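What follows is one structure encoded as structure tokens, with my remarks underneath.
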Amino acid sequence: MNSESRQQPRIFLIDAYAMIYRAFFAFIKRPLMNAKGENTSAAYGFANFLIEIREKYKPDYLAVVFDAGNSNREVIYPDYKANREKMPDELRASLPHIRELVAGFNDTIVELDGYEADDVIGTLRSL
């Protein structure tokens, strides 16, 4: 189905950290490194994901949604993310590069202080 035959525009909202973590850990046994010795696994996997989405689904609109600030969910539910390990330093170092990558694709970054990406996506989806 091409975009001309669709009645409604096709909108994709990407949970940035979900895809960043997935890409990073997909290469955990054989990480991708650049000439400076920096781990590029997350950026590489994220870029490939964005390309695949475009080629396979041809979205009319695409936005990458990032968590922003503290959602305070642990106040409501103390065990929230209790078993989640701290973000690896190598992954944290790649975050600015991934933001540059998103800008390079000319995609919109959406983030709302105090909210996680899934909250924002759920809200936008319901509109």
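No value in this document is a laboratory result; all are computed from the given coordinates. Quantities reported herein were computed from a predicted structural model and do not represent experimental measurements. We place every Cβ from the backbone using ideal geometry, glycine too, and count neighbours over all the protein chains shown.
Which order do Leu124, Leu50 fall in if you start with the one that has the fewest other Cβ atoms within 10 Å?
Leu124, Leu50
Using a 10 Å cut-off around each Cβ, can you sort Ser41, Ser71, Ser126 from fewest to most neighbouring Cβ atoms?
So the ranking, lowest neighbour count to highest, is Ser126, Ser71, Ser41.
Cut-off is 10 Å between beta-carbons; in what order do Tyr21, Tyr77, Tyr115 appear when sorted fewest neighbours first?
By the 10 Å Cβ count, ascending, the order reads Tyr77, Tyr21, Tyr115.
If each residue of separation counts as 0.36 nm, what is the full-extension length gain between Arg54 and Phe105 once their alpha-carbon separation is subtracted?
Details: separation 51, 0.36 × 51 = 18.36 nm, distance 1.07 nm.
Value of the extension gain: 17.3 nm.
Given H placed 1.01 Å from N in the peptide plane, which residues other than close sequence neighbours of Ile14 have an amide H under 5 Å from its amide H?
Under 5 Å from the amide H of Ile14: Ala63, Val64, Val65.
Cross-link partners among lysines for Lys56, C-alpha distance below 30 Å, same-chain residues fewer than 8 apart left out?
Result set, ordered by chain and number: Lys29.
With +1 on the Cβ of every Lys and Arg and -1 on the Cβ of every Asp and Glu, and nothing else charged, how large is the dipole of the range 8-125 about its Cα centre, in debye rounded to the nearest 20?
Dipole of the range 8-125, to the nearest 20 debye: 440 debye.
Cut-off 10 angstrom, C-alpha nodes, Gaussian network model of the chain. Which of Glu52, Glu90, Glu74 fluctuates the most?
Highest fluctuation of the listed residues: Glu74.
Output ³J(HN,Hα) for the range 63-76: one whole-Hz value per residue in order, computed from phi by the Karplus curve 6.51 cos²θ - 1.76 cosθ + 1.60 with θ = phi - 60°, and x for Gly and Pro.
Here the 3J(HN,Hα) series is 9, 10, 9, 9, 5, 9, x, 9, 7, 6, 5, 5, 6, 6 Hz.
Compare Gly69, Gly114, Gly37 in a GNM of the chain, Cα atoms joined below 10 Å, and give the one with the largest fluctuation.
Gly37
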